[in-house]
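Novice: Right, I'll just put the structure down here and ask away after.
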Amino acid sequence: MSFDDMLKDLKAREAKARAMGGPERLARREAQGVLNARSRIEAFIDPGSWVETGLLAVSSIVPEDRGKTPADGKVAGFAKVDGRMVAIASNDFTVKGASSSATNMKKVGHVKRVATERGFPLVFFGESSGARMPDNMGAKGMGTNLGHDPQQYVRTRQTPWASAVLGQCYGSSAWYTCLADFVVMRKGAILAVASPGLASFAIGQKVEAEDLGGWKLHSDISGLIDRVADTDEEALDEIRRFLSYMPSHCNEPPPRASIPAGSDEGAQRIPDILPESRKRAYDVRKIIGCLADLDSFLEFKPRFGRTAVTGLARLGGRSVGFIASNPMGKAGALDVAGCEKATRFTVLCDSFNIPLILLVDTPGFVIGIEGEKQKAPGKIINFMQALQMCTVPKLSVIMRKSYGQAYLNMGGGRNSDDVAIWPTAEVSFMDAHYATEIVSWNQQVPEERKQEIRAAMEKDSSAYGLAEIYAVQAVIAPAETRRYLIQQLEIHEMRPSGGVGEHRMAAWPTTF
Amino acid sequence: MATTEVTSEVIGSVWKVEKAAGDALAEGDLIMILESMKMEIPVEAPVAGTLSELKVAPEDSVEEDQVLCLIES
């Protein structure tokens with residue numbers, strides 16, 4: 001073969017690999033308004049920055065599949081996103097349902113390893129039917145394909161991982177999604193352990209795909225996803241936005257951004273949002289919107305664990321994570337889902353050197369049988385332990401109510417580096433009425449005696465009570481809060497380590 | 001014309017209804033107040049438009065995510 005012919009042969013092989021599962025399958029997707037594995041990459045990255053790895057890889061298990069498995073169904077490589085390097089694994093469903101087999105698992109392992117060792121984020125575009133068959137069948141199939149990487153599913157948060165659920169995600173596609181720091185799901189996609197077909201077949205449970213693993217299930221009930229998107233393109237935008245807050249790896253501080261004009265004006269509106277009546281609820285997201293740099297708040301899991309609000313934002317150009325109690329949900333009383341959400345978010349921020357801002361208006365934890373069945377004490381203490389192990393700066397603002405153990409969970413006392421309090425705040429162990437009932441429970445206490453007890457319980461619960469004993473560092477006006485937090489972020493910058501925390505929870509689970 | 005369903009954030013009951021069907025609404029206008037866990041939960045218009053239908057009345061019990069009213073915009 002001449003040199004020219006060799007080059008022609010190479011070009012032909014490359015073109016065949018880039019043609020994926022063929023024009024018919026690609027056209028069918030296009031007609032459905034769904035991008036394919038390669039158009040997703042193009043839509044996601046800076047133009048012209050794609051460097052592919054394993055383009056000519058094919059099936060290595062079933063000889064007849066060699067000509068039918070372009071890129072072996074998983075497109076992998078490196079590219080720039082907003083000028084920064086990322087690794088990408090994009091499942092090609094048109095090639096054997098992007099099922100996992102020996103060659104493509106090596107490709108995914110490679111980009112994962114390079115991203116981790118060289119320090120940049122890893123992004124998965126999930127759409128896979130699971131393990132390839134018959135490749136994985138039988139003792140030899142199992143022994144040949146599985147279990148060669150003892151670190152395959154170890155998440156140590158050295159670099160950020162993001163995952164988009166863009167089709168059927170079963171098996172490894174689901175596992176990698178659940179290991180990611182940020183998950184966006186397109187409506188219509190499915191995330192589950194196994195397909196509805198297998199569920200029907202194996203356990204006789206007739207299930208609809210949406211009921212088994214649709215976006216409503218995961219956004220409202222399981223909390224396994226952070227955001228929902230209507231289209232592939234929107235989902236990719238969400239990941240780009242997430243990455244904009246993140247450092248490339250855990251040993252550098254997050255990037256700084258310029259401060260949009262008008263960012264300082266919002267804080268003046270807080271007194272209009274905060275109701276005068278302590279019984280009136282408000283949406284704490286409005287307060288966050290006033291405190292953060294203009295339009296910089298990216299909320300995580302808005303429909304899951306709604307008693308707490310979590311999300312990334314910028315304050316004075318710095319990335320920060322907000323954890324706020326939301327009086328709109330269960331009066332702001334933290335429940336099991338709220339604790340899980342706050343724990344996971346605390347671990348994320350701590351692992352990537354992002355300071356935490358806690359906004360407090362909570363009457364305590366949700367109590368009762370339902371919560372106990374869901375391990376409420378364990379969830380509460382997971383969150384508490386996460387907060388205490390956290391080494392990034394923690395700033396807490398007590399806006400209104402802060403009661404009982406929730407006072408500690410939301411950063412009260414030395415659980416934050418600085419606690420500020422608004423004059424509207426009230427802090428105590430519990431409501432005086434409840435306290436009176438509890439100490440007189442099961443006893444014949446006359447009403448006059450109860451009134452005496454109650455008077456004793458109604459101690460000063462004002463902001464100034466805490467300020468006088470230096471249990472808070474400052475009493476501030478709501479409209480001053482943005483300025484105060486920006487000053488505190490500067491004071492608490494982690495100078496000795498160059499802005500890098502200790503990451504003591506880097507290997508904690510990604511769900512609780 | 002698009003119809004927006006306004007849903008309840010909480011389990012509770014309707015305490016006060018501040019607007020009537022046919023009223024024009026600006027985004028953020030208070031439509032009704034629910035009561036849940038001894039708190040007053042305001043229900044505000046997520047979009048501007050016309051309140052086309054009220055699906056609840058004072059003292060009705062409401063479930064989480066229950067549709068409370070419709071806005072045409």
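Only the coordinates and a few stated rules stand behind these numbers; no lab work does. This one's a predicted model, so the numbers in the text were calculated from it and none came from an experiment. No Cβ is skipped: glycine too gets one built from the backbone with ideal geometry, and neighbour counts run over all protein chains shown.
Novice: Can you tell me the mean projection area, over all orientations, of the convex hull of the stretch A:310-390's alpha carbons? Units nm², please.
Specialist: Details: hull surface 21.2 nm².
If I average the Cα hull's projected area over directions, I get 5.3 nm².
Novice: If you don't mind, there's one more thing I want to ask. Show that you can apply the helix-only estimate: for chain A, add -39,500 (n - 2.57) for every DSSP H stretch of four or more residues, divide by all residues, and state [θ] at 222 nm to the nearest 500.
Specialist: On the way: 19 runs with 182 residues, N = 512.
Only helices count here, giving -10500 deg cm²/dmol.
Novice: Let me ask something else about it. Restricting to Cα pairs below 8 Å that are 6+ residues apart, what does the relative contact order work out to for the stretch A:1-101? Please round to a whole percent. It would help to have the intermediate numbers written out before the result.
Specialist: On the way: 143 pairs, mean separation 28.8, N = 101.
Normalised by residue count, the contact order of the stretch A:1-101 is 28 percent.
Novice: Could you compute the net charge surrounding A:D431? Neighbours are other residues with a C-beta less than 15 Å from the C-beta of A:D431; K and R count +1, D and E count -1.
Specialist: On the way: positive: A:R278, A:K279, A:R400, A:K401, A:K450, A:R454, A:K459, B:K38; negative: A:D361, A:E426, A:E437, A:E458, A:D460.
Computed value for this residue: +3.
Novice: Could I ask something else about it? Three principal axis extents, largest first, for the C-alpha atoms of the stretch B:3-72, in Å?
Specialist: If we take the Cα atoms of the stretch B:3-72, the spans are 30, 17, 16 Å.
Novice: Please compute the length gained on full extension between A:L55 and A:E42, using 0.36 nm multiplied by the number of residues separating them and subtracting their Cα-Cα distance.
Specialist: 3.1 nm
Novice: Would you mind checking A:K330/B:K16; B:K16/B:K38; A:K106/A:K216; A:K301/A:K375; A:K286/A:K330; A:K401/A:K450 for any pair whose Cα atoms are more than 26 angstrom apart? Don't skip to the end; give the middle numbers.
Specialist: Numbers: A:K330/B:K16 19 Å; B:K16/B:K38 14 Å; A:K106/A:K216 33 Å; A:K301/A:K375 21 Å; A:K286/A:K330 17 Å; A:K401/A:K450 24 Å.
Over 26 Å Cα-Cα: A:K106/A:K216.
Novice: Let me ask something additional. Can you give the local net charge around A:G48? Use residues other than it whose beta-carbon is closer than 11 angstrom to its beta-carbon, Lys and Arg +1, Asp and Glu -1.
Specialist: On the way: positive: A:K80; negative: A:E42, A:D46.
That works out to -1.
Novice: Normalised by the empirical 2.2 N^0.38 Å for globular proteins, what value does the Cα Rg of the protein assembly as shown take?
Specialist: Numbers: Rg = 26.7 Å, N = 585, 2.2 N^0.38 = 24.8 Å.
That works out to 1.08 for the protein assembly as shown.
Novice: Report the gain in length on full extension from A:E493 to A:K450: 0.36 nm times residue separation, minus Cα-Cα distance, nm rounded to one decimal. Please report the intermediate quantities before stating the final value.
Specialist: Values: separation 43, 0.36 × 43 = 15.48 nm, distance 5.00 nm.
Full-extension gain reported as 10.5 nm.
Novice: State the antiparallel share, in %, of DSSP beta bridges confined to the protein assembly as shown, rounding to the nearest 5. Don't skip to the end; give the middle numbers.
Specialist: Numbers: 46 of 87 bridges.
Antiparallel bridges make up about 55 percent of those DSSP assigns within the protein assembly as shown.
Novice: Separate question: If you average the sequence gap of Cα pairs under 8 Å that are 6 or more apart and divide by the length of chain B, what percent do you get for the contact order? Could you put the intermediate results ahead of the total?
Specialist: Details: 191 pairs, mean separation 32.2, N = 73.
Here the relative contact order equals 44 percent.
Novice: Return the loop-located trypsin sites (Lys or Arg not before Pro) in the stretch A:194-243 (DSSP other than H, G, I, E, B) with at most 12 other Cβ atoms within 10 Å of their own Cβ; answer none if there are none. Intermediate results must be reported in sequence, preceding the final value.
Specialist: Working: sites: A:K206, A:K216, A:R227, A:R240, A:R241; in loops: A:K206.
Sparse-neighbourhood loop trypsin sites (Lys or Arg not before Pro): A:K206.
Novice: How much length is gained if the chain between A:L198 and A:V154 is pulled fully straight, taking 0.36 nm per residue apart and subtracting their Cα-Cα distance, in nm to one decimal?
Specialist: Working: separation 44, 0.36 × 44 = 15.84 nm, distance 2.71 nm.
Roughly 13.1 nm would be gained on extension.
Novice: Just to confirm a number: summing +1 for Lys and Arg and -1 for Asp and Glu over residues other than A:S101 whose beta-carbon lies under 15 angstrom from that of A:S101, what do you get? Display every interim value, and only then the final one.
Specialist: Details: positive: A:R66, A:K68, A:K74, A:K96, A:K106, A:K107, A:R132, A:K140; negative: A:E64, A:D65, A:D72, A:D92, A:D135, A:D149.
So the surrounding residues net to +2.
Novice: On to the next question. Roughly what would the spin-label model give for A:L10 and A:D264, points 7 Å off Cα along C-beta, in nm?
Specialist: 5.8
Novice: Moving on. List the aspartates and glutamates whose Cα lies under 16 Å from the Cα of A:K379, skipping any in the same chain that are fewer than 8 positions away.
Specialist: A:D335, A:E340, A:E370
Novice: Express the C-alpha Rg of the stretch A:113-179 as a ratio against the empirical globular expectation 2.2 N^0.38 Å, rounded to two decimals. Walk me through the numbers on the way to the answer.
Specialist: On the way: Rg = 13.5 Å, N = 67, 2.2 N^0.38 = 10.9 Å.
Cα-based Rg divided by the globular estimate yields 1.25.
Novice: Output needed for the stretch A:191-312: three equivalent-ellipsoid semi-axes, defined as square roots of 5 times the C-alpha gyration tensor eigenvalues, in descending order, whole Å. Write out the running numbers ahead of the final one.
Specialist: Values: eigenvalues 263, 96, 26 Å².
Equivalent-ellipsoid dimensions as semi-axes: 36, 22, 11 Å.
Novice: Sticking with this structure for a sec: Report, as a whole number in µm² per second, the diffusion coefficient that Stokes-Einstein gives for the stretch A:403-512 at 10 °C and 1.306 mPa s using the Kirkwood radius over alpha carbon pairs.
Specialist: On the way: Rh = 17.3 Å.
Calculated translational D: 92 µm²/s.
Novice: Also, quick follow-up: Order these peptides, A:320-333, A:109-122, A:69-82, by their mean beta-carbon neighbour count within 10 angstrom, highest first. Please report the intermediate quantities before stating the final value.
Specialist: Working: A:320-333: 26.4, A:109-122: 18.5, A:69-82: 23.9.
The peptides rank, most packed first, as A:320-333, A:69-82, A:109-122.
Novice: Need one value for B:4-16: mean number of C-beta atoms belonging to other chains within 10 Å of its residues' C-beta atoms.
Specialist: Details: counts 0, 0, 0, 0, 0, 7, 7, 1, 1, 0, 0, 0, 0.
Mean inter-chain Cβ contacts per residue within 10 Å come to 1.
Novice: Would you list, by chain and number, the lysines whose Cα falls below 16 Å from the Cα of A:K68, excluding same-chain residues fewer than 8 positions away?
Specialist: A:K16, A:K96
Novice: Roughly how big is the stretch A:348-408's charge dipole about its Cα centre, with Cβ charges of +1 (Lys, Arg) and -1 (Asp, Glu), in debye to the nearest 20? Let's see the in-between values first.
Specialist: On the way: 6 positive and 4 negative charges, 11 e Å.
So the magnitude is around 60 debye.
Novice: Here's something else I'd like to know. Estimate the FRET efficiency between A:A477 and A:V439 by the formula 1/(1 + (r/R0)^6), using the beta-carbon distance for r and 35 Å for R0, to the nearest 0.05. All intermediate terms of the calculation are to be shown ahead of the outcome.
Specialist: Values: r = 37 Å, r/R0 = 1.05.
Given R0 = 35 Å and the Cβ-Cβ separation, E is 0.45.
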